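Only one structure is covered here, and it is reproduced in the block below.
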Amino acid sequence: MADWQYLQKYNLSKVIDKFPRKIEIEEKYMNDMTKEQKINYIKEILKINDYYLAPNDYPYDVSDNIKHYVFWYKNTYSLEDALNIALSYFKKPHNDIIVFVNDINNRSILDINHYHIFVKNT
């Protein structure tokens, strides 16, 4: 399980490490027959909006006081852009939000650009 201190070392960077999910979440992910529908839904949203920020349906195994979101986007958004949007959206201080991108080899969805956002609940 990743805690806040562990996640902080990846803030605003590309992550080469592979983050695990809890066993039950991984099984849900592997067996979810609606994944393609969810991906298509996100693609439809991105036809209208430049980005879509949503809770991760299959979050990584992180401490209970951390929520995992995905920042889906089209066009060009930097990690810093995503962080600024998250800061505004969540109304949290800078040190309560972490944003990173997985290395291409660790991405399960390749056809939609996305970043991972973690929000610490205090």
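The values are calculated or read from the model by the stated rules, or taken from the named source; none is laboratory data. Quick caveat: nothing in here was measured; it's all calculated off a predicted structure. Note: ideal-geometry Cβ built from the backbone for every residue, glycine included; neighbour counts use all protein chains shown.
Hey, could you check segment 68-86 for residues that are part of a helix (DSSP H, G or I) and of a type outside the set (A, V, I, L, M, F, W, C) and say which is farthest from Asp111 (Cα to Cα)?
Restricting attention to segment 68-86, the residues satisfying the condition of being part of a helix (DSSP H, G or I) are 79-86.
Next, from what is left, pick out any that are of a type outside the set (A, V, I, L, M, F, W, C): 80-81, 84.
Details: Glu80: 21, Asp81: 20, Asn84: 24 Å.
Checking each candidate, the answer is Asn84.
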- [ ] For residues that are in a loop (DSSP other than H, G, I, E, B) and of a type in the set (A, V, I, L, M), scanning just segment 1-26, find the one that is modelled with the highest pLDDT.
- [x] Leu12
- [ ] With respect to Tyr52, determine if the residue is in a strand (DSSP E or B) and either touching a strand residue (DSSP E or B) at 6+ places or on another chain (Cβ under 8 Å) or free of Cβ contacts under 8 Å to residues at least 12 places away in the same chain (or both).
- [x] yes
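How many residues are touching a His at 6+ places or on another chain (Cβ under 9 Å) and touching a residue at least 12 places away in the same chain (Cβ under 8 Å) when one looks only at segment 88-108? Steps first, please.
Let us first name the residues in segment 88-108 that are touching a His at 6+ places or on another chain (Cβ under 9 Å), namely 98-102, 107.
If we keep only those that are touching a residue at least 12 places away in the same chain (Cβ under 8 Å) as well, we get 98-102.
Residues flagged as touching a His at 6+ places or on another chain (Cβ under 9 Å) and touching a residue at least 12 places away in the same chain (Cβ under 8 Å) within segment 88-108 amount to 5.
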TODO: Would you mind finding the one in Asn40, Asn75, Asn56 that is at pLDDT below 95 and under 15 Å from His114 (Cα atoms)?
DONE: Asn75
TODO: Please give the number of the condition Val119 fails out of (1) surrounded by 15 or more Cβ atoms within 10 Å (Cβ to Cβ); (2) part of a loop (DSSP other than H, G, I, E, B).
DONE: (2)
Open item on the list: Which condition from (1) part of a loop (DSSP other than H, G, I, E, B); (2) touching a helix residue (DSSP H, G or I) at 6+ places or on another chain (Cβ under 9 Å) is the one that Ile98 breaks?
Closed with: (1)
Open item on the list: Condition first: basic (Lys, Arg), surrounded by 11 or more Cβ atoms within 10 Å (Cβ to Cβ) and in contact with a strand residue (DSSP E or B) (Cβ under 9 Å, 6 or more places away or on another chain). Now tell me which residues in segment 1-42 satisfy that.
Closed with: Lys14
Open item on the list: Tally up the residues in segment 43-64 that are exposed (fewer than 14 other Cβ atoms within 10 Å of the Cβ) and either within 24 Å of Ala2 (Cβ to Cβ) or of a type in the set (S, T, N, Q) (or both), please.
Closed with: 3
- [ ] Return a yes/no flag: does segment 72-87 have any residue that is surrounded by fewer than 18 Cβ atoms within 10 Å (Cβ to Cβ), farther than 19 Å from Glu26 by Cα and touching a His at 6+ places or on another chain (Cβ under 9 Å).
- [x] yes
TODO: Run down Tyr60, Tyr89, Tyr41, Tyr29 and say which single residue is in a helix (DSSP H, G or I) and touching a Lys or Arg at 6+ places or on another chain (Cβ under 7 Å).
DONE: Tyr29
